[in-house]
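The next block holds one structure in the form of structure tokens; read it before the comments.
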Amino acid sequence: METSSTQLATTASVLSALLPNIPGLNASGKLTSLIPISFFERLGIQPTFEQQQDLSDKTKGVLENDISLCRWRDFRQDSALMGDLQKLFTDYQIVAFSDWANVHNGSDLWYGLLSDVIKPLRRKDFDFIFYLGDASKKLFFEVDEILDIISEFSLYGRVTFALDEVEAAKLWALLNGENPETVQFDFNSQGARKKYFSLFNTVNIAHLIIYSQRQAMLFSQGAQFEMLRRSENHDRPTHAERGNFIDGFCLGLSQKLEVSQCLALGIIAAGASAESGSTISPEQLGTYASKWLSELQSTE
């Protein structure tokens, strides 16, 4: 695949605009949760907060049990836990839902959180990020149900939906009566773009992100944006890299950056963490972004 001059110029322009903002990023300004991180992992939520240990005895009793097979009603019955959740989400703006396809009872849990925690707050300013995962693991009616649930989240804030190109192809096939295990289309073809845009229109969302081995696309109402990934990153993203991408994207949202810069910051966070093999600092993000920009400028 040849890289177009437009893609190079666009990516370089976004990085140039982002770089001055990176030194001021505050990745440590997290809210504090009384609830163990393992509980949010059970819900399929990627926490962007820190944990304290002083829980009520009743809540401790619930969470010390095996919650791997719990449904939302098992949690809803605990008024102390519901109170702790509502206190946290009163100040919690960015909620990242991760890998629905591998979350047991994921639709039940996500809808329960929406109904019993988010709706009663009567807020409309959340940012929700949904990573669906491999929809071919689920039945059609299950996929249709979770897309309806995601659409309902949009009543309470801005929704971003993220998939890699393989997951996007499988989801499109499942929704259009084709075999998700055999469907293929070229990420860069006009036909693929039409299919991605049809996915965007299927769900009531603000943004759809599709990323491939070489680049990422962002679809919004009436607009489409594309940028490259760094030349070394030509493998399909791993689970850890997806998590770091979401962390970087959420960090950009928390700093009120433009969505194109949030996308770039997600790519940078995934690449920098893979390169360093550890948790990354703003300095490491800046170094990675500077190297990437220099490579692009030498290619132009």
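The values are calculated or read from the model by the stated rules, or taken from the named source; none is laboratory data. Since this is a predicted model, take the numbers as computed values, not measurements. When we count neighbours, we look across all protein chains shown, and the Cβ atoms used for this are built from the backbone with ideal geometry, even at glycine. Side chains included, ligands, DNA and RNA excluded: accessible areas come from the protein's heavy atoms. Shrake-Rupley method; radii C 1.70, N 1.55, O 1.52, S 1.80 Å.
Overall, the range 155-215 carries a charge dipole of about 260 debye about its Cα centre when +1 sits on the Cβ of Lys and Arg and -1 on the Cβ of Asp and Glu, all other atoms neutral. For ALA9 and ASP144, a Förster radius of 41 Å and the Cβ-Cβ distance give a FRET efficiency of 0.55, rounded to the nearest 0.05. Simple spin-label estimate for SER154 and GLN184 gives 3.3 nm between the two label positions (7 Å along the Cα-to-Cβ direction from each Cα). Listed cross-link partners LYS124/LYS170; LYS137/LYS195; LYS119/LYS195; LYS194/LYS256 are compared with a 25 Å cut-off, the Cα-Cα value being larger for LYS124/LYS170; LYS119/LYS195; LYS194/LYS256. Between SER281 and ARG122, the FRET efficiency from the beta-carbon distance, with R0 = 45 Å, is close to 0.75. Placing +1 on each Lys and Arg Cβ and -1 on each Asp and Glu Cβ, with no other charges, gives the range 98-191 a dipole about its Cα centre of roughly 460 debye. For LYS124, the solvent-accessible surface computed with a 1.4 Å probe is close to 140 Å², ligands and nucleic acids excluded. LEU113 contributes an accessible area of around 0 Å² to the protein surface, as traced by a 1.4 Å probe with all chains present.
Looking only at Cα atoms, what is the convex hull volume of the range 133-240 per residue, in Å³?
Per residue, the Cα convex hull of the range 133-240 comes to 113 Å³.
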